[in-house]
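The values are calculated or read from the model by the stated rules, or taken from the named source; none is laboratory data. Fair warning: this is a prediction, and the values are worked out from it, not measured in the lab. Cβ: placed from backbone, ideal geometry, glycine included. Neighbour counts: every protein chain shown. Accessible surface areas use protein heavy atoms only, side chains included; no ligands, DNA or RNA. Shrake-Rupley method; radii C 1.70, N 1.55, O 1.52, S 1.80 Å.
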Amino acid sequence: MARVFTLGTETPLVGPELKPGDKAPNFEVLNNDRQKVTLDDFKGKVKIISVVPSLDTGVCDAQTRRFNEEAAKLGDNVVVLTISADLPFAQKRWCGAAGVDRVITLSDHLHMSFAKAYGTYLEEHRLNSRAVFVVDSNDTITYAEYVPVAGQHPNYEAAIEAAKAAR
């Protein structure tokens, strides 16, 4: 059965379904200054990768704010990345307006590289679905959650506990 994400209607997800124990695929996205960023830029750190369709929607906004709050409690060895297909300019503006300063927002808009590698690609809409991944310091996935419906929140507690347990 094809994997889907409900964004009004059921939309097929393109790409692999990653699971704990899988090696985290590399990707190329843009930071808020339009500079290329890859998974390798965070070598040696535990990574919470929070994936959202658009920061300009209610659940995506809340998800990013929640992980921003949690980031301060997780220590210097954990980095929180929020990835969406929003333009880097929009991400930068949103972060400033929201006071989000601990999460690193990254744009997948150029090549949808992250979405294709992590199985969150909604090709029909050129968006990412909602998902959360925890990747340990050796770039192994220790937690993966593909949220099935746009209006549903991820399991924040499970992701945070997975990040605390990762080395």
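General remarks:
- Residue match in region 97-116 (condition: aromatic (Phe, Trp, Tyr) and under 13 Å from ILE83 (Cα atoms)): yes
- Of the numbered criteria (1) in contact with a helix residue (DSSP H, G or I) (Cβ under 9 Å, 6 or more places away or on another chain); (2) assigned to a strand (DSSP E or B), the one VAL37 fails is (1).
- Qualifying positions in region 7-30 - over 15 Å from ARG126 (Cβ atoms), open to solvent by 40 Å² or more (accessible area, probe 1.4 Å), at pLDDT 95 or above and not charged (D, E, K, R): PRO16, PRO20, GLY21, ASN26
- When PRO20, PRO12 are checked against the criterion of being closer than 14 Å to VAL135 by Cβ and touching a residue at least 12 places away in the same chain (Cβ under 8 Å), a single residue qualifies: PRO20.
- Matching option when the condition is β-branched (Val, Ile, Thr), in contact with a helix residue (DSSP H, G or I) (Cβ under 6 Å, 6 or more places away or on another chain) and more than 26 Å from GLN35 (Cβ to Cβ), among THR105, THR142, THR82: THR142
- Residues that are within 13 Å of the chain's Cα centre (by Cα) and either closer than 14 Å to VAL78 by Cβ or open to solvent by 10 Å² or more (accessible area, probe 1.4 Å) (or both), drawn from region 39-50: LYS47, ILE48, ILE49, SER50
- Subset of region 135-159 [among the β-branched types (Val, Ile, Thr) and more than 15 Å from VAL51 (Cβ to Cβ)]: THR140, THR142
- Yes/no for VAL29 being part of a strand (DSSP E or B), in contact (Cβ under 8 Å) with a residue 40 or more places away in the chain and either of a type in the set (Phe, Trp, Tyr) or over 18 Å from SER54 (Cα atoms) (or both): no
- Residue match in region 60-71 (condition: in contact (Cβ under 8 Å) with a residue 12 or more places away in the chain, surrounded by fewer than 19 Cβ atoms within 10 Å (Cβ to Cβ) and small (Gly, Ala, Ser)): yes
- Total residues in region 72-83 satisfying the condition of being open to solvent by less than 50 Å² (accessible area, probe 1.4 Å) and more than 11 Å from ASN31 (Cα to Cα): the figure is 5.
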